[in-house]
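> This structure is in structure tokens; I'll ask about it shortly.
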Amino acid sequence: MAKTSDKALDAVMAESAAAGAGALGLLAAAAVFVVGILFFVAESYFLAMLLVSFAMLVYVAGAELGKLVRGSMTIFFTGRHLIKNATYVQDTVAALRTFLYMKRDGTGAIKVGPIEEGAKAKLPDNPLVRELQAVLKRKKGKEYAEYVAHQYYVDCRELYDHLHAHLEFVAGVMPLFGLIGTVIGLIGMFDRLGSNTSVENLAPELAISLQSTLFGAILASAYTSAASRFDQRIKALEYDYDILVHSLEVLVENEAEIEIQA
């Protein structure tokens, strides 16, 4: 099973040890954060909050930042999985559902199915199907078949959970930075209170308070939306894996064989 693991995934997970609060990620995040503070002082509040969110992303993702951005774009705008193993699971499940589906006539009586003992399932040619074919041919049982399938599922699940956690972290902290900006604005307003106080004097501090809260909420919503796509993909992968496991049980119990489609 190790030979079928996607090389790109191995590289991502190997780099995860250097992610998060590693020295490189921490220094890069601090540099971006300082630039964001400069924009905040210059009253470019949206750019300031955007850079702060990016700094948090650099901090938590570290060396994985490039893969996180590319993966998020792929998941958000396409229906493709990030690694081939998940695609193999998806394609195999689609073929198994067609093979095991029981067709009925107009009266509700079973027209085609369930499968008979020794039936031959024609499945797409991919590493997962070839390994399952070997397991069934050698009669290793459903536990071993499920173990093989789990290797393909868990690799992608770990990757999606990993990237989803990064985006969720940034989405969670951005409202707090918005709140910090709001408090800074309120402190400035209280400092200006006096007998000669006017709306014009309080306007800059009020702008800081309102815009910081607004931009923090907007950015948190954007990161939450991106993270939700990973969550949706995780659920879809879980459904496919559950169907695959139950399908393998049926194949093993009926001593079915797997034929690879040409």
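The values are calculated or read from the model by the stated rules, or taken from the named source; none is laboratory data. Predicted model only: the values in this text are computed from it and were never measured. When we count neighbours, we look across all protein chains shown, and the Cβ atoms used for this are built from the backbone with ideal geometry, even at glycine. Calculation scope for accessible area: heavy atoms of the full protein, side chains included, ligands and nucleic acids excluded. Shrake-Rupley method; radii C 1.70, N 1.55, O 1.52, S 1.80 Å.
> If amide hydrogens are placed 1.01 Å from N in the peptide plane, which non-local residues have theirs closer than 5 Å to the one on LYS122?
It is GLU259, by chain and number.
> Between ILE187 and SER228, what FRET efficiency comes out of the Förster formula 1/(1 + (r/R0)^6) with R0 = 30 Å and r the beta carbon distance, rounded to 0.05?
0.30
> Here's a follow-up. If I take R0 = 22 Å and measure r between the Cβ atoms of LEU206 and GLU43 in this structure, what FRET efficiency does the formula 1/(1 + (r/R0)^6) give, to the nearest 0.05? Show your work: numbers first, answer last.
Values: r = 13 Å, r/R0 = 0.57.
For R0 = 22 Å, the calculated efficiency reads 0.95.
> Ignoring ligands, DNA and RNA, please state the percent of accessible area on region 34-131 from carbon and sulfur, probe 1.4 Å.
After summing per-atom areas, the C and S share lands at 61 percent.
> Rounded, prolate or oblate: pick one for region 42-168, where a ≥ b ≥ c are the square roots of the eigenvalues of its C-alpha gyration tensor, a/c under 1.5 means rounded, and failing that, prolate if a/b is larger than b/c, else oblate.
Judged from the Cα gyration tensor, region 42-168 comes out prolate (a/c at least 1.5, a/b above b/c).
> Under a Cβ-Cβ cut-off of 14 Å, what is the net charge of the residues other than SER221 that fall near it, where Lys and Arg count +1 and Asp and Glu count -1?
0
> When only DSSP loop residues count, what GluC sites (Glu not before Pro) in region 201-262 have their Cβ near at most 12 other Cβ atoms within 10 Å?
Numbers: sites: GLU205, GLU238, GLU249, GLU253, GLU255, GLU257, GLU259; in loops: GLU255.
Loop-located and lightly packed - GLU255.
> Could you compute the net charge surrounding ALA134? Neighbours are other residues with a C-beta less than 12 Å from the C-beta of ALA134; K and R count +1, D and E count -1.
In short, +3.
> Multiplying the sequence separation of PHE76 and LYS120 by 0.36 nm and subtracting their Cα-Cα distance, what value in nm do you get?
Gain in length upon complete extension: 12.1 nm.
> Express the accessible area of region 33-188 per residue in Å², computed with a 1.4 Å probe while the remaining protein chains stay in the model.
Per-residue value: 53 Å².
> Also, I was wondering about something else. Can you tally the net charge around ALA165? Count Lys and Arg as +1, Asp and Glu as -1, for every other residue whose Cβ sits under 13 Å from the Cβ of ALA165. Walk me through the numbers on the way to the answer.
Details: positive: ARG157; negative: GLU64, GLU158, ASP161, GLU168, ASP231.
Residues near ALA165 contribute -4 overall.
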